[in-house]
Amino acid sequence: MSRILDGIDCPADVKKLTSGELKELASEIREEIISTVSLNGGHLAPSLGTVELTLALYYVFDFPTDKLIWDVGHQAYAHKIITDRRNRFHTLRKKNGISGFPRRDESPYDAFGVGHASTSISAALGMALARDMQGGSNEVVAVIGDGALTGGEAFEGLNNAGDMHTHMIVVLNDNEMSIDKNVGAMSEYLSRLRVTPGYHRAKKDIRGFLRGMPRIGEKMARTAVAIKDAARAAIVPGRLFEEFGFKYVGPLDGHNIDQMIDFFREVRNVDGPVLVHVHTKKGKGYKPAEKHPGKFHGIGKFDVATGECAKSTGAPKYTKVFSDALIELAKENRNIAAITAAMPSGTGLDAFRKVYPDRFFDVGIAEEHAVTLAAGMAAEGIHPVVALYSTFSQRAYDQLLHDVCLQNLPVTLCLDRAGLVGADGPTHHGVFDLSFLREMPNMTVMAPKDENELRGMLKLAISMNSPAAVRYPRGAAIGVAIEPGFSDIEIGKAEVLKEQTIADVAILSIGTMTQNVKRAAEILEEDGFKCSVVNLRFAKPIDIQAVCHFAKNSRLLVTCEENVLAGGVGSAVCEVLADRHIETQVLRFGVPDQFIEHGTRDELWEICGLLPEQIAECTKEYLLSMEETESGEGKA
C-alpha cells in the first residue's frame, strides 16, 4: 500500500490534501522521522512534536516566497521531509548527507541557518524590514520554542519588533521543555497561558452577543472596549506579548491541523506583529519519547520497539567524570556552587542537583546571565562552577571578559563538548574556545588528556582565586583507572611523556590530541625518527620553559590541538619562540580556517588531518624535506 508521503515532492503537494489526508501524512512523517533517527541519531522528541504545526504552516503559507525561520532547528525534521529532501532524509547527520539543522546552502526552504537558541525573532524581523524596504509583500514567520524564549536575544527581538510595528508572525511552540524541563518566570507564565484556551472564543461570543442587542448593543460593545484594558490584565495571560506590541492569538492545540490552518489564514491579514501561541507535546506519537522527552531530545541510535539505546561499555564519559569530581569537591568545600544554562543532564549537573539542590542553579537558555550571575556570586565569596557546552559559551564572551576576567573573580568555567562533536556539525563544534579564552587577561585555560587529569584540573581551578577554564570532549574518556583523590597539577606546567636527548621532532599536544600524538610518535619511531612527546596541559599560561627547551633540543617542533589553528596553542608556541628569537621549524596541526561539516568524529579528524597516521605521515614528509634542504645547502 502506497503512502501519501511518497507523493509529496514539494510543499505544493501538501496544499492539495484533504483534512483527513493531512492527518494521515502526519502519521507517516512521524514514522519516517522515528525510523531515520533510530539509525542515525538526532533530535527526535522536538521534531515529533511539530509535525502538525509544520503541515499547517505549509498548507497556508507559500514558502519559500514567504519566509520560515526555525529557532534552534531541533524541531525542523518534518520541514525537511516535505520540502526537497524526502529522498535524502536517510542521510540525516551523516558525512555528505543533510544537516540536522536548517542551512541556507542546503535548501531554498531553509531561509536562515540556525543551531543556537533565541535567534529566530531577530532574524525574522530583519527579513521583514528588508521586505518593507524593497516594497515586497511576502509573509515572514518565525517559530520559537518556549525554552528558547528564555534567551535574552528573543526578548530583544520581541521588543524591537513591537516598536517597529511591521507585519510579521511569531509562532510560539510551547511544549513545556527545552532539553531539560524549562525553568524560570517565563515558563511559569506560559503554564498559566495553557489553562485559559477559551478566552478568545469567549471574547468573540460576548462581543457578538452585545452587538446583537437592539439599539444599545453597539454602544455597550464600545463601552466594553473602553474598559477592556483594565480587565484584560487580570484575565488575559497573553497581555505580556501585547505589551511588547504584538497581537496575541492562542493558546491553540498544536496537533489540531484544521484549527491552526484557520488561525494562520486569519493572522495573514492582521497589521503589525502577531504572536500565535500553540501548545504541542514533545515526542508526540512515540510513547517512549512522550514519556521521556528529555532523553529523546537529542539521542543516538536506539531500538524503535523498546526505545532503548545501545548500552555503552568501557570508559565512562568525560561528563560523568566531571560530575563525580565536582560532587566530591563540593563535599569538602561548602562554597562551591554549580550553574548551567538549561543543560543539567547534558553537562552532568543533574547528579549534583540531587546531592546539593540548594547549591545548584539552572538559569534557562541564558549563557550571558549564567556567567554574570557567577561573577556576582564570586564577588561575595562563593566559588561558582559554570558548566556549558563549548559552542554555547561563545554567547557569553563579553560577560567572561568584562564581568569575570576584568575583575579577576574566581569563576570556574567547565566546557563540555570541546573540539569536534560529530553529527551536530558546525553550529556545535567547540573548536574556538582555546583561542578566545587565551586572549583574556587573568584567565587560566587547560585541557586534560584523560580522566585523572580532568579531576586534577577541576580541583586546581576551584582552588584558584582567579578565573579558570577546563575544556573536555564529548563522549567516552580514555579508560584509565580513576585514581583515588585528586592529582596535584602545577599551574602552567607541562607534562613530559617522552624525551630524547637530541630529537628529530618534539610533539607538543593538548587535551584530546595527546593520545593521537602518542600513537603518531610510535609510527615515526618505527620509521627511524627520534621523538619527544609533551602534554602541554595549559593553553594559558603556556609552559615557556618547556617550549624553549624542546625547541632547542629538536630539529622540528610539532603542535597538535583540537581547536582552530588561528590563535590556538600552536600560535602560542610560535609567539613564545618569536619573542625569544628562537629559530626552530614549527609544524602545526589543528582545525583549519573553515567550518567543518558533520560526520563521525574520526571522519572529521580525517578532514582536519588529525588522525595519528596523518600526523605521522605529514611530520615525516616535513622532516625529509628539511633533510633535502639541509643537504642542498651543505653542497652549496
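The values are calculated or read from the model by the stated rules, or taken from the named source; none is laboratory data. The structure displayed is predicted, hence computed values, not measured ones. Please note: Cβ atoms are built from the backbone with ideal geometry, for glycine as well, and neighbour counts cover all protein chains shown. The area values use the complete protein model at the heavy-atom level, side chains included, leaving out ligands, DNA and RNA. Shrake-Rupley method; radii C 1.70, N 1.55, O 1.52, S 1.80 Å.
Can you tell me which residue among Thr427, Thr391 is buried (at least 22 other Cβ atoms within 10 Å of the Cβ) and hydroxyl-bearing (Ser, Thr, Tyr)?
From the options Thr427, Thr391, the qualifying one is Thr391.
Any residue at all in segment 463-486 that's under 27 Å from Thr619 (Cα atoms) and either open to solvent by 30 Å² or more (accessible area, probe 1.4 Å) or over 27 Å from the mean Cα position of the chain (by Cα) (or both)?
Among the residues of segment 463-486, at least one is under 27 Å from Thr619 (Cα atoms) and either open to solvent by 30 Å² or more (accessible area, probe 1.4 Å) or over 27 Å from the mean Cα position of the chain (by Cα) (or both), which makes the answer yes.
So in segment 402-421, with the set limited to residues that are over 18 Å from Met464 (Cβ atoms) and open to solvent by 10 Å² or more (accessible area, probe 1.4 Å), which one is farthest from the chain's Cα centre (by Cα)?
Result: His402.
Here is a yes/no grid of residues against (1) at pLDDT below 90; (2) of a type outside the set (Asp, Glu); (3) surrounded by fewer than 24 Cβ atoms within 10 Å (Cβ to Cβ); (4) farther than 16 Å from Gly73 by Cα:
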position: Met133; (1), (2), (3), (4): no, yes, yes, yes
position: Val141; (1), (2), (3), (4): no, yes, no, no
position: Ile144; (1), (2), (3), (4): no, yes, no, no
position: Gly147; (1), (2), (3), (4): yes, yes, no, no
position: Phe155; (1), (2), (3), (4): no, yes, yes, yes
position: Asn160; (1), (2), (3), (4): no, yes, yes, yes
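Quick test of your reading of the structure: Ile69 fulfils all but one of (1) surrounded by fewer than 24 Cβ atoms within 10 Å (Cβ to Cβ); (2) more than 15 Å from Lys282 (Cα to Cα). Name the failing condition by number.
The number of the failed condition is (1).
Identify all residues within segment 278-291 that are at positive phi and either assigned to a strand (DSSP E or B) or within 22 Å of the chain's Cα centre (by Cα) (or both); write none if there are none.
Hit for segment 278-291 is Gly283, nothing else.
Within the bounds of segment 616-632, is there any residue that is surrounded by fewer than 18 Cβ atoms within 10 Å (Cβ to Cβ) and within 21 Å of His429 (Cα to Cα)?
no
With the condition being acidic (Asp, Glu), I'd like the helices (runs of 4 or more DSSP H) fully within segment 1-88 carrying at least 2 qualifying residues. Outline the logic, then answer.
On the way: elements: 11-15, 19-40, 44-49, 51-60, 77-82.
Of the helices (runs of 4 or more DSSP H) lying wholly inside segment 1-88, those with at least 2 residues that are acidic (Asp, Glu) span 19-40.
Of the numbered conditions (1) touching a strand residue (DSSP E or B) at 6+ places or on another chain (Cβ under 8 Å); (2) open to solvent by less than 60 Å² (accessible area, probe 1.4 Å), Cys548 satisfies every one except a single condition; which is it?
(1)
If you take the residues of segment 508-531 that are open to solvent by 20 Å² or more (accessible area, probe 1.4 Å) and of a type in the set (S, T, N, Q), which of them is nearest to Leu420 (Cα to Cα)?
Applying the filter and picking the extreme gives Thr512.
Inspect all residues belonging to segment 215-236 and state whether any of them is open to solvent by less than 70 Å² (accessible area, probe 1.4 Å), of a type outside the set (D, E, K, R) and either modelled with pLDDT of 85 or more or part of a loop (DSSP other than H, G, I, E, B) (or both).
Within segment 215-236, one or more residues are open to solvent by less than 70 Å² (accessible area, probe 1.4 Å), of a type outside the set (D, E, K, R) and either modelled with pLDDT of 85 or more or part of a loop (DSSP other than H, G, I, E, B) (or both).
Hey, among Phe101, Phe89, which residue is crowded, with 24+ Cβ neighbours inside 10 Å, among the aromatic types (Phe, Trp, Tyr) and over 23 Å from Asn256 (Cα atoms)?
Phe101
Mind telling me which of the residues Glu562, Glu575 ends up being acidic (Asp, Glu), closer than 17 Å to Val445 by Cα and surrounded by 19 or more Cβ atoms within 10 Å (Cβ to Cβ)?
Glu562
For Gly115, indicate whether it is in a loop (DSSP other than H, G, I, E, B) and either among the basic types (Lys, Arg) or surrounded by 17 or more Cβ atoms within 10 Å (Cβ to Cβ) (or both).
Judged against the criteria, Gly115 is a match.
Given the conditions (1) at pLDDT below 95; (2) in a helix (DSSP H, G or I); (3) surrounded by fewer than 24 Cβ atoms within 10 Å (Cβ to Cβ), report the number of the one that Asn96 does not fulfil.
Unmet for Asn96, out of (1) at pLDDT below 95; (2) in a helix (DSSP H, G or I); (3) surrounded by fewer than 24 Cβ atoms within 10 Å (Cβ to Cβ): (2).
Tell me which residues, restricted to segment 559-600, are closer than 24 Å to Val496 by Cβ and among the charged types (D, E, K, R).
Across segment 559-600, the qualifying residues are Glu561, Glu562, Glu575, Asp579, Arg580, Glu583, Arg588.
Pick out the one residue from Ala366, Ala387, Ala315 that is touching a Leu at 6+ places or on another chain (Cβ under 6 Å) and in contact (Cβ under 8 Å) with a residue 12 or more places away in the chain.
One residue alone meets the criteria, Ala387.
Condition first: at pLDDT below 95 and over 27 Å from Leu413 (Cα atoms). Can you find one or more residues in segment 313-328 that meet it?
For segment 313-328, residues at pLDDT below 95 and over 27 Å from Leu413 (Cα atoms): present.
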